[in-house]
Protein chains: 2
Amino acid sequence: MPPRTKYDIISEIAKRRGFFWPSFEIYGGMSGYVTYGDLGTKLKRNIEALWKEHFVRKQGFLELDDPIVNPERVFEASGHLQSFKEYSSECSQCGRSFRADHLVEDKTGMENVEAMGGDAVKRLLLEHKVRCPVCGGELKEPTLFLTMFKTEIGATGGEVGYARPETAQAMFLNYRWGFQHAREKLPFALAQCSKVMRNEISPRRGMVRLREFTIMELELFFDPQEPGCPWFDEVRDTPIKLHTEKMETEDVKEPLETTVGEAVERGLILTEWQGYFMGVSQRFITALGMPPEKQRFRAHLPDERAHYSAQTYDHEVFFETWGWIEVSGCAYRTDYDLRSHMEASGVDMTVLREDGSRYLPHVVEPSYGLDRLFLSVLEATYERRKRRNVFHLPRELAPYQVAVFPLVTKDGLPEKAREVYDLLLDEGLWVVYDEAGSIGRRYARVDEIGVPLAVAVDYDTRDGDVLTIRDRDSWEQVSLSLGDLAGRLGEYYRGEREFRELGSPVVRG
Amino acid sequence: MPPRTKYDIISEIAKRRGFFWPSFEIYGGMSGYVTYGDLGTKLKRNIEALWKEHFVRKQGFLELDDPIVNPERVFEASGHLQSFKEYSSECSQCGRSFRADHLVEDKTGMENVEAMGGDAVKRLLLEHKVRCPVCGGELKEPTLFLTMFKTEIGATGGEVGYARPETAQAMFLNYRWGFQHAREKLPFALAQCSKVMRNEISPRRGMVRLREFTIMELELFFDPQEPGCPWFDEVRDTPIKLHTEKMETEDVKEPLETTVGEAVERGLILTEWQGYFMGVSQRFITALGMPPEKQRFRAHLPDERAHYSAQTYDHEVFFETWGWIEVSGCAYRTDYDLRSHMEASGVDMTVLREDGSRYLPHVVEPSYGLDRLFLSVLEATYERRKRRNVFHLPRELAPYQVAVFPLVTKDGLPEKAREVYDLLLDEGLWVVYDEAGSIGRRYARVDEIGVPLAVAVDYDTRDGDVLTIRDRDSWEQVSLSLGDLAGRLGEYYRGEREFRELGSPVVRG
């Protein structure tokens, strides 16, 4: 048996404690689908809220929420019907289908075969005599497979519809509303967090390639003659690690260590807006718990880039189990999408400049896979410590903010602990109450689900309203009076107070 | 032209200001789909958060997030493949399809024809000689149409899947995880807020009947031998208006005015858990701005009830335009679902009692249509006042919490106002900045999008750090010093301070 990977370990905890697990298990499962439990649903929501803090609220960008299923003409215009395809190889013996580039990768150990283009994939399949990985049968000639889910809208003679594979089209379809709402002044942005679906041919790697997942996406519209970003100074000096298109082509392994400002000046990043969002992106991913040294930006090669993109930088993070994985892409979509929809719909989308000239706005798009970010948070914050599992979740992300334990289940301590629990609920906190097993076991249980603070209710609490709070990260304890508890926890979660400032140090005997 | 209804008025504002509008407009639209703009996305999110406050956080119930598309066997087991159907009539001339019961309603003025059952619908169509409402052509014999969206998962020879029309099945599929997580103790509950899809034959009434919408649903599992709800006392004396099954059968128009406690005692509500959730439901809908006198609970007739339900009470609210509309259903699903999935999957779902006997838990389900709640909020809070539009949104729901205006755009006031804006952003508030047009017009604009408070920056602010805050609801003003602003607004939004307690009254000259 192969040794357990870090992903195996995290998956085991995730399933046992309720972060996530494979869907439809009682019916034998279905690859590419994942179920989030109580902790997972909350953690995902908190990541989404933090994304909004970094990308929406402070900039005053506009939000949007558009349907998942769209009529066919949307994807005709967007180019997806033509281009959102992968090479699929069917086994002539068992009938199973596989993604052709992945078959080549598995057989040869090559990386990123998709980026080499369709002809290369076909050639490599033949050259390496790849056979069915399940039954060993001969593979048929690979064919292009449209990886969007198709359905029919309405009763008899209804219209063909597809589930969208990205949320971006919604921003283009509703661009004119955004333009009006922004009082016809550019730049402005439309942002959306929503489910998307991709009919992956043969999903692998559990959570990394899902058929249904959540995207957090933002389209920034700007005048290509006025490409400056007003907040660029905020990120100009941010150090980043870059793998440019040229470096990728020449197979340079070591990243270029530069700053956002320098990369834009040297033309390695095409626009200030991309640079801005890449800088914010690094700040955001770092706030999720992933240190900058485990982050890099890698440019797509021309064959790898989506049909709409002039330049795309993937933001990648390092997973112990798989190496570098893309969690975000920052694409320069130019005016491709607005032009396509303008032509297909006949609706004018041009903007009038003060000098009387007309233009189509250009678009920069930072896009996040929420499910991969979720996995990155678990990867980044997991620690095995003295035979315990600890998730050092940042306090803004913790599904439960505080735990309340009676020291023992007698002498009125559970009743007192329930009072403390109710008090904290009334403060609007997410609270765990636990009285089962030794207090050491209970601390271990909340460490494993990333609860930052645990409040112990003991005889001093019952007799003198004095409580002990324990820190998940340092395992240190402080004591404070019940009257101070709610206010100080509020300050702690607003980032106005650190753990050691919650009370007086407790020296364990 | 018919007079504009309240729904017309609200829809016009909604589109112009960015609450919602019909989707895919640049491609001619597609009925049954709606797009939420910036205000709509935020308002919807805030309603969801308030639902969690009322139904999840305080009770310590568990959350879940499961895929939208499910393999066919799930819906075979759940009974949806058999039962989730409507009668559809196709026009033999133009080929359009219509929902047969709606055709009858439109022709005859009858209500709730669906509840009379399929045979009655067929008979009424013939009796009333209903013809195609679009071209006047003859209608074909109505046939049952499965109103779930169908798709195929995977490449060649993939599996059939359907988009779920409700989220409940997820709670049954993952029931065993919930049971473990609850340490094998009942009662416990699983809650989920997620998109669902229904392939409506002929959607009408804009936002009321959508093909894609969001459901907030909770399944409470309990031992039928121990049916007590520990929080029942909280709702026992809540007055409610009931239309029982018997009253509906006998066509009694006036509601029964009773209390939750009495209704459960008299057997009009079958279980304490239903009673509890109906009481919480009334509290929740009232917190959304809808007064109790515009709420009622109406029992489903046997033919109207879903295939799984022993009793369902719809929670209805009154819309000026349409009359009573269901926004929620509280169903007693018994052990129907767990039994069906246990039989179909072969997985044991029984629970062991202390006395050694085994049983299947029973289920009570309060379920909300988020999009209809959204519309209820706009309906309940809209006021036409002195030729202005005002949405009196509860402060927890307001998409933007505060607006900042410089009195004039000169003399350094915009710079000072920007400082105030940045300060409030740093406090974590959603803030609007506006300097266009007269201050009166700016107040009118934020009234129309429901911003509770507007801060005016004038010469006193520039010279003495004194600000004026205006209340959306009363149009009163108070003044306070800049140093107090952030703290007091924080208290206002936590419900710890009312408008008049924000500063000293300003008497307008």
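Descriptive notes on the structure:
- Taking the accessible area of the range A:377-496, probe 1.4 Å, and keeping the other protein chains in place, the carbon and sulfur fraction comes to 44%.
- Straight-line cross-link partners of B:K416 among the lysines, defined as a Cα under 19 Å from its Cα and at least 8 positions apart when in the same chain: A:K58.
- Largest first, the residues B:T214, B:T156 sort by 1.4 Å accessible area into B:T156, B:T214.
- For the range B:252-354, accessible area per residue (1.4 Å probe, heavy atoms of protein chains only), Å²: 40
- Projected label points at B:D460 and A:L144, each 7 Å from Cα along the beta carbon direction, are separated by 6.9 nanometres.
- Largest-first ordering by accessible area, 1.4 Å probe, given options A:R470, B:R494: B:R494, A:R470
- Helix A:370-381 axis, angle to chain A major axis (alpha carbon atoms, nearest 10°): 40
- Mean-position separation - Cα centroids, the range B:388-441 and the range A:418-485, in angstrom: 40
- Å² per residue, accessible surface of the range A:370-451 at 1.4 Å: 39
- When the trypsin sites (Lys or Arg not before Pro) in the range A:55-104 are filtered for DSSP coil states and for at most 16 other beta-carbon atoms within 10 Å of their beta-carbon, the remaining sites are A:K58.
- Summarising the label geometry, the points placed 7 Å from Cα in the beta-carbon direction at A:C135 and A:D471 lie 6.0 nm from one another.
- Charge dipole of the range A:86-161 (Cα centre as origin; +1 on each Lys and Arg Cβ, -1 on each Asp and Glu Cβ, all else neutral): 280 debye, rounded to the nearest 20.
- Copies compared at A:K253 - label distances in nm, ascending, label defined 7 Å from Cα in the Cβ direction: 8.5
- Separation between Cα centres of the range B:107-180 and the range B:1-74, rounded to whole Å: 21
- Nm distances between copies for B:E501, ranked from closest, using label points 7 Å along Cα→Cβ: 2.6
- Chain B residue with Cβ closest to the axis mapping B onto A, distance in whole Å: B:T151, 2
- Mean separation of Cα contacts under 8 Å (6+ apart) over length of the range B:395-457, as relative contact order %: 52
- With Cα atoms, 0 to 90° folded angle of helix A:482-493 axis to chain A main axis: 20
- Each of A:C91, A:C135 has its accessible area taken with a 1.4 Å probe; listed largest first, they run A:C135, A:C91.
- Per the accessible-area calculation with a 1.4 Å probe, the total area buried between chain A and chain B rounds to 6500 Å².
- Accessible surface of the range B:85-146, 1.4 Å probe, proportion on carbon and sulfur as whole %: 46
- Alpha-carbon centroid distance for the pair the range B:320-344 / the range B:187-243, whole angstrom: 7
- Taking 18 Å as the straight-line reach from the Cα of B:K241, the lysines in range (excluding those fewer than 8 positions away in the same chain) are B:K253, B:K294.
- Neighbours of B:Y27, meaning other residues whose beta-carbon lies under 12 angstrom from its beta-carbon, give a summed charge of -3 when Lys and Arg score +1 and Asp and Glu score -1.
- Buried on complex formation within the range B:57-72 (loss of at least 50 square angstrom of accessible surface versus the isolated chain, 1.4 Å probe, ligands and nucleic acids ignored): B:R57, B:K58, B:E63, B:D65, B:P67, B:I68, B:V69.
- Along each principal axis, Cα extent of the range B:85-146, largest first, Å: 29, 26, 15
- Per-residue HN-Hα couplings for the range A:333-350 [Karplus 6.51, -1.76, 1.60; θ = phi - 60°; Hz; x = Gly/Pro]: 8, 6, 9, 3, 6, 4, 5, 4, 6, 5, 5, 6, 9, x, 8, 5, 10, 6
- Computed with a 1.4 Å probe on the full set of protein chains, the accessible area for B:K195 sits at about 30 Å².
- 1.4 Å probe accessible area per residue over the range A:85-146, in Å²: 55
- Computed [θ] at 222 nm, helices only, for chain A once each DSSP H run of length n ≥ 4 contributes -39500 (n - 2.57): -9000 deg cm²/dmol
- Buried on assembly, the range B:9-28 (at least 50 Å² less accessible surface than by itself, 1.4 Å probe): B:W21, B:F24, B:I26, B:Y27
- A DSSP coil position with no more than 13 other Cβ atoms inside 10 Å describes the following GluC sites (Glu not before Pro) in the range B:181-239: B:E184.
- Stretch gain in nm, segment B:K253-B:D237, where the contour uses 0.36 nm per residue and the Cα spacing is subtracted: 3.4 nm
- Sparse-neighbour loop sites [GluC sites (Glu not before Pro); the range B:302-365; at most 14 other C-beta within 10 Å; DSSP]: B:E320, B:E354
- List of the range B:170-196 residues, accessible area with partners at least 20 Å² below that of the chain alone (1.4 Å probe): B:L173, B:N174, B:W177, B:H181, B:R183, B:K195
- In nanometers and ordered shortest first, the copy-to-copy spacing of the A:K107 label point, defined 7 Å from Cα toward Cβ, is 6.4.
- Accessible surface of B:M342, taken over heavy atoms with a 1.4 Å probe and every protein chain present, rounds to 40 Å².
- Taking amide H atoms as placed 1.01 Å from N in the peptide plane, the amide H of B:I240 lies under 5 Å from those of B:T258, B:T259, B:V260, each 5 or more residues away in sequence or on another chain.
- Where no second cysteine Cβ lies under 4.7 Å, the cysteines concerned in chain B: B:C193, B:C229, B:C330
The values are calculated or read from the model by the stated rules, or taken from the named source; none is laboratory data. The shown structure was predicted, so the numbers you read here are calculated from the model rather than taken from an experiment. Glycine also receives a Cβ, built like all others from the backbone with ideal geometry; neighbour counts cover every protein chain displayed. Side chains are part of the model used for accessible areas, which takes the heavy atoms of the whole protein and leaves out ligands, DNA and RNA. Shrake-Rupley method; radii C 1.70, N 1.55, O 1.52, S 1.80 Å.
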